Amino acid sequence: MKIAIFGGSFDPIHLGHIEVVKKALNELDIDKLIIMPNYLNPLKHSFSAPPKLRLKWLREVFKNMPNVEVSDFEINQNRPVYTIETVKKFKPDYFIIGSDNLKTLDKWKSIDTLKNMVEFVVATRGEIDENLLQKHNIKKIIKVDVPISSTEIRNCNFKYLPKEIEKEIKEFYGQNCKNKRIA
């Protein structure tokens, strides 16, 4: 069975993430796609939405999508989990990351070992640094044309939200929008 893991914070999930999943299922030779929300990215110091809430949102959005599984593995560790741990446990063929992660890939724990264990696939949003693709020997790219990031949503740009959880996301992140214009 061929497996891909799509890892990230998903803080919050948006339509760009959903597009990555749909395209990965169509463009990669895989039988299953595992969405792996992290407890806390090892390169970050905090999260906005608690891990269990992000997990709940992901499960709601992907509950009717065949060949997609939302895993609680990293969240259940109750600590930052390095990708190498997840890859050793699940043994995927591919590991999908957002293009924003290319800049910090050198900082990932055991990155050289990781590159020998999985093929990285980069999901793009806009332009991508070709030099970084070459440097990390990345050959597979998933092009996504949804111009939003989780950071923008946390900053009260409430576009491109999944309908199933749109209200919850607006309520959760909207608490910080009192002095900002809500879209």
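Here is how the numbers come out for the structure above:
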item	result
Glu69 being in contact with a strand residue (DSSP E or B) (Cβ under 7 Å, 6 or more places away or on another chain), in contact (Cβ under 8 Å) with a residue 12 or more places away in the chain, surrounded by fewer than 18 Cβ atoms within 10 Å (Cβ to Cβ) and under 21 Å from Ile165 (Cβ atoms)	yes
Residue check, Leu114 closer than 18 Å to Gly8 by Cα and either in a strand (DSSP E or B) or modelled with pLDDT of 90 or more (or both)	yes
Total residues in the range 95-121, condition open to solvent by 20 Å² or more (accessible area, probe 1.4 Å) and more than 13 Å from the chain's Cα centre (by Cα)	13
Among residues of the range 7-30, those that are β-branched (Val, Ile, Thr), open to solvent by less than 20 Å² (accessible area, probe 1.4 Å) and either more than 10 Å from the chain's Cα centre (by Cα) or at pLDDT below 95 (or both), counted	0
Odd one out for Lys143 among (1) touching a residue at least 24 places away in the same chain (Cβ under 8 Å); (2) open to solvent by less than 70 Å² (accessible area, probe 1.4 Å); (3) in contact with a strand residue (DSSP E or B) (Cβ under 8 Å, 6 or more places away or on another chain); (4) under 14 Å from Val20 (Cα atoms)	(2)
Filtered residues of the range 79-101 (kept if among the β-branched types (Val, Ile, Thr), closer than 25 Å to Glu19 by Cα and out of contact with any Asp or Glu (no Cβ under 7 Å at 6 or more places or on another chain))	Thr83, Val87, Ile96, Ile97
Some residue of the range 50-64 being farther than 20 Å from Glu168 by Cα and either over 15 Å from the mean Cα position of the chain (by Cα) or open to solvent by 40 Å² or more (accessible area, probe 1.4 Å) (or both)	no
Complete set of residues in the range 102-130 that are farther than 25 Å from Val21 by Cβ and touching a helix residue (DSSP H, G or I) at 6+ places or on another chain (Cβ under 8 Å)	Lys109, Ser110, Thr113
Every residue from the range 129-177 that is part of a loop (DSSP other than H, G, I, E, B) and under 17 Å from the mean Cα position of the chain (by Cα)	Asp145, Val146, Pro147, Ile148, Ser149, Tyr160, Leu161, Pro162
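Residues are listed down the side, and each one gets a yes or a no for (1) touching a residue at least 24 places away in the same chain (Cβ under 8 Å); (2) open to solvent by less than 30 Å² (accessible area, probe 1.4 Å); (3) of a type in the set (Asp, Glu); (4) under 25 Å from Asn64 (Cα atoms):
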site: Arg125; (1), (2), (3), (4): yes, no, no, no
site: Asp129; (1), (2), (3), (4): yes, no, yes, no
site: Ser149; (1), (2), (3), (4): yes, yes, no, yes
site: Lys167; (1), (2), (3), (4): no, no, no, yes
site: Lys170; (1), (2), (3), (4): no, no, no, yes
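The values are calculated or read from the model by the stated rules, or taken from the named source; none is laboratory data. What you see is a predicted model, and the numbers here were worked out from it, not measured in a lab. Please note: Cβ atoms are built from the backbone with ideal geometry, for glycine as well, and neighbour counts cover all protein chains shown. Calculation scope for accessible area: heavy atoms of the full protein, side chains included, ligands and nucleic acids excluded. Shrake-Rupley method; radii C 1.70, N 1.55, O 1.52, S 1.80 Å.
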